[in-house]
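The values are calculated or read from the model by the stated rules, or taken from the named source; none is laboratory data. This is a predicted model, so every value here is computed, not measured. Glycine also receives a Cβ, built like all others from the backbone with ideal geometry; neighbour counts cover every protein chain displayed.
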Amino acid sequence: MAEKQKEKKPTFTFGDKEYIIEDMSDDQRVIAAKVLKFQDHVNDIQKKLQTNMFLKEQFIENEKTFLRKLEVGKAELQKALEPAEETIIADEVAA
């Protein structure tokens, strides 16, 4: 005779204790579902924080690169505009 395998009933673990869901009252199930949902939210937020910390590091390094390029560009622009300023001043003095 083939022996029937006992099916394990769905459980909910809270703290160090395991609860059989079908043995829980409706109110207990509702509260347990809320707790599981809140735990999912916390887990998701923690993952996003880790991802955003990584992205923040990338953005900071990119910002540094572009700030250096900005300063070099400003210096180049200032140097390029200097002869034009001298010409304007010379023209004003001659007038």
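Regarding the stretch 69-77, can at least one residue be identified that is small (G, A, S) and either at pLDDT 90 or above or closer than 30 Å to F12 by Cα (or both)? Yes, the stretch 69-77 contains a residue that is small (G, A, S) and either at pLDDT 90 or above or closer than 30 Å to F12 by Cα (or both). Determine whether the stretch 11-19 contains at least one residue that is surrounded by 10 or more Cβ atoms within 10 Å (Cβ to Cβ), touching an Asp or Glu at 6+ places or on another chain (Cβ under 8 Å) and among the hydrophobic types (A, V, I, L, M, F, W, C). Yes, some residue in the stretch 11-19 is surrounded by 10 or more Cβ atoms within 10 Å (Cβ to Cβ), touching an Asp or Glu at 6+ places or on another chain (Cβ under 8 Å) and among the hydrophobic types (A, V, I, L, M, F, W, C).
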